[in-house]
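Okay, so here's the structure we're looking at.
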Amino acid sequence: MRRREFISLFGGATAWPLGARAQQPALPTIGFLAAQTAEANADNLLRFRQGLKEEGFVENENVKVEYRFAENQIDRLQTLASELVRRRVEVIAVSGGPASASAANATTSIPVIFMVPEDPVRGGLVMSLARPGGNATGINFFSAELGEKRLQILRELVPTATRVAVLLNPDEVTLAAANLRDVESAARAMGVQLQLLNASTINEIDAAFVTIAHERPHALFVSSGPFFFGRRVQLAQLTARYAIPAIFSQRQAVEVGGLISYGTSVAEAHRQAGIYTGRILKGAKPAELPVLQLTKFELVVNAHTAKMLGIIVPPSLLAIADEVIE
């Protein structure tokens, strides 16, 4: 074979795979929207990817994910949701009530998989839990509805508490109202006086604790919600600095030094959302996927923090705790 013919054949052989790769279809793209920072969502994103993998999807292998984080600025969520719609993603997974509402407002055609801490029917996201009926479905991880139970646990932990501060984020309107509704009902039954404190920024959290230091309530109830979840380290440090026993909605706050938490697992909600997102990519319709409701509730106690605060955790709470962090 002559050298020119050999070069021609060799060049054609190498060019063919390159051309074939260029003609391969683009990977399907998922949009992921959350109100917090990427760092605050790191553990939850691992569980989301785990759920995707259970359905056969691995990021950057056979699916892409476009992430949008509002950096705790709720007013950015609508713009970020609209960006994902313009990106024409195949499905949008959204974490938290405000992000879910923004996605629902941004599209009625792209499937939306939400993770919300309150009733999605009451929030207007779906027609019913069994038959969502539109382009959205997802997971309710029952956080806002547990305010009464959390206050009961806090009172059992600190039986002398007659004045309890309640930290709310007014920017998360629906969630703050749901938390307050439940905790006010429980407080009336217990004869507990509530002191309401609002915070929607890092500086406002600091200011709320200055008020706590001045007013000296006996305990603190931290509302559920994406903002306080994202600021859990700051909150745990401040409760330690001001020596006030506090109850949180998520175990992650206790893992970084908070005293006690009661609620469902947000991480598990993200895994289930990953599974639902994978099913949508396989052709399932959100209208036909019932809203999942997490029913396993976790009570987590940080024994080291309790000792530091001079609190003796009652045996009744220790007996039912899912985990005691030493």
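The values are calculated or read from the model by the stated rules, or taken from the named source; none is laboratory data. Everything numeric here is computed off the predicted structure, so don't read it as measured data. Every residue, glycine among them, receives a Cβ derived from its backbone with ideal geometry; neighbour counts consider all protein chains shown.
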Could you check, for the range 123-141, whether at least one of its residues is in contact with a helix residue (DSSP H, G or I) (Cβ under 6 Å, 6 or more places away or on another chain) and assigned to a helix (DSSP H, G or I)?
no
Yes or no: Val210 farther than 16 Å from Gln234 by Cα, β-branched (Val, Ile, Thr) and free of Cβ contacts under 8 Å to residues at least 60 places away in the same chain?
no
Under 7 Å between Cβ atoms, which residue pairs at least 6 apart in sequence (or on different chains) link something in the range 58-74 that is at positive phi with a partner that is buried (at least 20 other Cβ atoms within 10 Å of the Cβ) and not in a strand (DSSP E or B)?
Asn72/Ala35; Asn72/Gln36; Asn72/Phe227; Asn72/Gly230
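Considering Ile110, Ile74, which residue is over 16 Å from Val291 (Cα atoms), crowded, with 19+ Cβ neighbours inside 10 Å and at pLDDT below 95?
Of Ile110, Ile74, the one residue that is over 16 Å from Val291 (Cα atoms), crowded, with 19+ Cβ neighbours inside 10 Å and at pLDDT below 95 is Ile74.
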From Ala189, Ala176, Ala199, residue being among the small types (Gly, Ala, Ser), modelled with pLDDT under 95 and touching a strand residue (DSSP E or B) at 6+ places or on another chain (Cβ under 7 Å)
Ala176
Please determine whether any residue of the range 43-60 is assigned to a strand (DSSP E or B) and surrounded by 14 or more Cβ atoms within 10 Å (Cβ to Cβ).
yes
Condition first: in contact with a Leu (Cβ under 9 Å, 6 or more places away or on another chain) and of a type in the set (Gly, Ala, Ser). Now tell me which residues in the range 112-145 satisfy that.
Gly134, Ala136, Gly138, Ser143, Ala144
With the checklist (1) touching a residue at least 12 places away in the same chain (Cβ under 8 Å); (2) surrounded by 14 or more Cβ atoms within 10 Å (Cβ to Cβ) in hand, flag the one item Lys296 doesn't pass.
(2)
Return a yes/no flag: does the range 166-188 have any residue that is surrounded by fewer than 22 Cβ atoms within 10 Å (Cβ to Cβ), of a type in the set (Val, Ile, Thr), without any contact (Cβ under 8 Å) to a residue 60 or more places away in the chain and within 23 Å of Leu317 (Cα to Cα).
no
Could you tell me whether Thr305 is more than 25 Å from His218 (Cα to Cα) and either crowded, with 19+ Cβ neighbours inside 10 Å or polar (S, T, N, Q) (or both)?
no
Name the residues in the range 77-96 that are assigned to a loop (DSSP other than H, G, I, E, B) and buried (at least 20 other Cβ atoms within 10 Å of the Cβ), would you?
Val89, Gly96
Please work out if Gln237 is in the same structural domain as Leu168 (by TED's automatic domain parsing) and surrounded by 24 or more Cβ atoms within 10 Å (Cβ to Cβ).
no
Are there any helices (runs of 4 or more DSSP H) wholly within the range 245-326 with 1 or more residues that are under 30 Å from Thr108 (Cβ atoms) and of a type in the set (D, E, K, R), and if so which?
266-281
